[in-house]
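**Q** A single structure is presented below for examination.
The values are calculated or read from the model by the stated rules, or taken from the named source; none is laboratory data. Bear in mind that the values here come from a model prediction, so they are computed numbers and not experimental data. Methodologically, a virtual Cβ is constructed for each residue, glycine included, from the backbone with ideal geometry; neighbour enumeration extends over all protein chains shown. Just so you know, the surface numbers come from the protein's heavy atoms only, side chains and all, with ligands and any DNA or RNA stripped out. Shrake-Rupley method; radii C 1.70, N 1.55, O 1.52, S 1.80 Å.
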Amino acid sequence: MKGGRPVVQVVRLGLVSYQEALRVQQVYVDRHRSGPAHVLLLCQHPPVYTTGIRQQPYPPPLLDRLRLLGAEVHRTNRGGLITFHGPGQLVCYPVLNLGAFKKSVRWYVSELERTIISLCSSFGIEASTSPHTGVWVGDNKICAVGIHCGRYVTSHGVALNCNTDLSWFSHIVPCGIVGKGVTSLSAELRRDVSVEEVEPALLDAFSRQFNCSLTDSPPGHMRE
């Protein structure tokens, strides 16, 4: 620790498949068994639809239709329902041992949401939570939140729409919520807002919200 604050490593994976990101998360989850291995994995994914553990299996014809769009489809062990990940979306997978922060999953999810709300505020966007998961701008979701926590070690995380092609969401009911829409930083600000522009703001908001110190990993780190 630095000054009593947990140290969290930042690893930039770039554009990686969903399966590869799962594998890297598991590497860090396993590392926590032998000591602190806090990490933020930052990445983007090629087009992929993912479903969570609260959802009944989708009918095969529907999954086939989604695949025909050119996207992969994966069932996951995170909370939440169906969502989309793709280029232009900043995905952050914190793998943390909550014993070093606060042993409360509810607290953790709330802090993730507050991190994104703070980030949006830094761009002049008023975002909020709702009875539904995630972070919203009015009735439109700007960031999905879905986590897994086993023995207080977290995985999965948040997916913030920066300049994502939002038409991918039109083929599903995002997160199973009827009558709501999706938005992005670019849509709200009416200019192109790239993942690269947003990343520093995310790291700043995360370090402040979680009262931790961030340390950068060298490029290309974690391709074991």
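**Q** Antiparallel as a % of all DSSP beta bridges within the chain, to the nearest 5?
**A** Within the chain, antiparallel bridges account for around 60 percent of the total.
**Q** Sequence gap of 8 or more, or different chains, plus Cα separation below 30 Å: how many lysine pairs satisfy both in the chain?
**A** Value for the chain: 5.
**Q** With contacts defined as alpha carbon pairs under 8 Å and 6 or more residues apart, what's the relative contact order of the stretch 1-126 in percent?
**A** Answer for the stretch 1-126 is 27 percent.
**Q** Which whole-number percentage describes the relative contact order of the stretch 99-150, with Cα contacts under 8 Å and a sequence gap of 6 or more?
**A** Reported relative contact order: 25 percent.
**Q** Out of the stretch 58-160, which GluC sites (Glu not before Pro) are coil in DSSP terms and have no more than 14 other C-beta atoms within 10 Å?
**A** Taking the stretch 58-160 and a limit of 14 other Cβ atoms within 10 Å, the loop GluC sites (Glu not before Pro) found are 126.
**Q** Can I ask one more? So what is the relative contact order of the chain, in percent, for Cα pairs below 8 Å that sit 6 or more residues apart?
**A** Value for the chain: 25 percent.
**Q** For the chain, give the magnitude of the charge dipole about the Cα centre (Cβ charges: +1 Lys/Arg, -1 Asp/Glu; no others), in debye to the nearest 20.
**A** 800
**Q** Let me ask you something else. Over what distance in Å are the Cα centres of the stretch 139-179 and the stretch 64-100 separated?
**A** When both Cα centres are located, 7 Å separates them.
**Q** Using DSSP H assignments, which helices in the chain have an axial alpha-carbon span of 15 Å or above and a mean Kyte-Doolittle hydropathy of -0.5 or higher?
**A** 105-122, 195-209
**Q** Still on this structure, please answer the following. Roughly speaking, to the nearest percent, how much of the chain's 1.4 Å accessible area is carbon and sulfur?
**A** 51
**Q** Check each of the trypsin sites (Lys or Arg not before Pro) in the stretch 16-115 and keep only those in coil by DSSP with at most 16 other C-beta atoms within 10 angstrom; list them in order.
**A** 54, 102, 103
**Q** Let me ask something else about it. Could you point to the residue in 88, 104, 58 farthest towards the positive end of the stretch 14-115's charge dipole, with +1 and -1 charges on the Cβ of Lys/Arg and Asp/Glu respectively?
**A** 104
**Q** Report Rg/Rh for the stretch 99-189, rounded to two decimals, where Rg is the Cα radius of gyration and Rh the Kirkwood radius.
**A** Rg/Rh for the stretch 99-189 comes to 0.99.
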